[in-house]
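The values are calculated or read from the model by the stated rules, or taken from the named source; none is laboratory data. Computed from a predicted model, the values in this text were never measured in an experiment. All Cβ positions, glycine included, derive from the backbone under ideal geometry; neighbour counts span all protein chains shown. When the accessible area is computed, the model is the full protein with side chains, heavy atoms only, and any ligands, DNA or RNA have been set aside. Shrake-Rupley method; radii C 1.70, N 1.55, O 1.52, S 1.80 Å.
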Amino acid sequence: DYFVYDPNARLSIRLIYDQRQDESVQRRDQLSKLTQNEHGLSQKNTELKAMQQNLARHSGALDVQKQSLQDLSQNYNAMIRQYNQHGGVPASQQAAVQQSLAQLRQQQHVLDQQIASFNLQVNAYNQKVDELNRLDQGHNLAIDQFNQRFQPRLFDKGLFNGREIHIYEFESKEDLRLTLAHEFGHALGMKHHNDPKALMYPMLEEQDMQHFRLQSADIALFNARWNDELLKKSPNFNMCMKYNHST
């Protein structure tokens, strides 16, 4: 919806797909993959934190059970020592003593099972930690490779050569709109400005791409262009907007 075809148009716009746009597409694809990987790592990290908190609660509960069993065992042993000091367990208490011993053994068995289950959970947690560390190392390696492959460099996003506008690279509809507007400025005879937020700034960096509005610097350039008869007689040629791919 930015273009209308007219064979008699005085100004042509050509979208040129060369290594600049190809590299931009590859860069965007790699960034998308890195973002997905980072999101996956974040989710796994959240899961590990939840597992860690659950293990901490489980460990605390086991400590309470261990202490309770230890107290019961000490009480049982103290009772047996006392009986032994008086000739052994009375016949009337033998059933109760056997029942206490059976309860202790049952509680010890339950505790052993819970400890075994806890250790399995700890092993599963450690395996996930190792997996996350491997994934994180792979992600960092991918970032390093990305930074080596797509190092910051200057290149022309667009160019007005005095007859037509060439567009060499854009990453989004908003990016294309701003680049076109910049080159239209040159087509109207406007030069570059040193305000980094202005449309006619030679670098696409600090402009508000999503909600761009002409800055006072752009309006001043436009007014100066049409108030200067010399500029009317000497159109600008080979004006371009540059772009610095940032990692």
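Number of residues in the stretch 161-212 that are among the hydrophobic types (A, V, I, L, M, F, W, C), more than 25 Å from Arg28 (Cα to Cα), open to solvent by 10 Å² or more (accessible area, probe 1.4 Å) and in contact with a helix residue (DSSP H, G or I) (Cβ under 7 Å, 6 or more places away or on another chain): the value is 2.
Residues in the stretch 157-193 that are closer than 17 Å to Asn223 by Cβ and not in a helix (DSSP H, G or I): 6 in all.
Filtered by the rule that a residue be over 15 Å from Tyr168 (Cβ atoms) and in contact with a helix residue (DSSP H, G or I) (Cβ under 9 Å, 6 or more places away or on another chain), the stretch 4-25 gives a lone residue, Leu11.
For the criterion of being open to solvent by 50 Å² or more (accessible area, probe 1.4 Å) and of a type outside the set (Asp, Glu), Gln21 fails. Between Gln93, Gln21, the distinction of being in a helix (DSSP H, G or I), touching a strand residue (DSSP E or B) at 6+ places or on another chain (Cβ under 9 Å) and either polar (S, T, N, Q) or more than 30 Å from Arg153 (Cβ to Cβ) (or both) belongs to Gln21 only.
In the stretch 41-57 there is no residue that is polar (S, T, N, Q) and either within 22 Å of Gln107 (Cα to Cα) or touching a helix residue (DSSP H, G or I) at 6+ places or on another chain (Cβ under 6 Å) (or both). From the list Leu69, Leu41, the lone residue that is among the hydrophobic types (A, V, I, L, M, F, W, C), part of a helix (DSSP H, G or I), under 30 Å from Leu141 (Cβ atoms) and in contact (Cβ under 8 Å) with a residue 24 or more places away in the chain is Leu41.
Look at the stretch 49-60: where a residue is part of a helix (DSSP H, G or I), no partner that is exposed (fewer than 10 other Cβ atoms within 10 Å of the Cβ) sits 6+ places away or on another chain with Cβ atoms under 6 Å. Within the stretch 70-116, restricting attention to residues that are aliphatic (A, V, I, L, M) and under 48 Å from the mean Cα position of the chain (by Cα), the residue that is surrounded by the fewest Cβ atoms within 10 Å (Cβ to Cβ) is Ala116. Checking every residue in the stretch 133-156 against the condition of being assigned to a helix (DSSP H, G or I), among the hydrophobic types (A, V, I, L, M, F, W, C), open to solvent by 30 Å² or more (accessible area, probe 1.4 Å) and more than 22 Å from Gln30 (Cβ to Cβ) gives zero matches.
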